[in-house]
Amino acid sequence: MTVIERKRSADVVAGSSSTPANMAPVLHRAPPCFWAVLDGESLNFVYLSASLHTFLGSDRTIALFSQSLFDYIHPEEAHHARRDLASTFATKSFVGSSI
């Protein structure tokens, strides 16, 4: 990315006057960003970002702490997810399997 491209990207994010008019609706519809940290063995949630707390509310966010990522994966797909995650940790790559 060139210096000019970085400047344009920064301007778009900052909402400067040089933001192209056709980009404004896209920036306003951007979904919120959430972060979670998972336990390395159980994949239980051990940290959830404040943005997730704001989005879900206290009760639903607190409930996540007693759950695993696998609680949100369809049982028929869990073996694919486990294999992909094991591969990700072993190879340090985010390439998963295709179904």
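Give 4, 62 a once-over and let me know the one that is among the aliphatic types (A, V, I, L, M) and modelled with pLDDT of 90 or more.
Values: 4 fails: modelled with pLDDT of 90 or more.
Of the residues listed, the single one that is among the aliphatic types (A, V, I, L, M) and modelled with pLDDT of 90 or more is 62.
Tallying residues that are more than 19 Å from residue 88 (Cβ to Cβ) and open to solvent by less than 80 Å² (accessible area, probe 1.4 Å) within region 54-76 yields 7.
The values are calculated or read from the model by the stated rules, or taken from the named source; none is laboratory data. On a predicted model such as this, the values are computed, not experimentally measured, just so you know. All Cβ positions, glycine included, derive from the backbone under ideal geometry; neighbour counts span all protein chains shown. Surface accessibility is based on the protein's heavy atoms, side chains included, excluding ligands, DNA and RNA. Shrake-Rupley method; radii C 1.70, N 1.55, O 1.52, S 1.80 Å.
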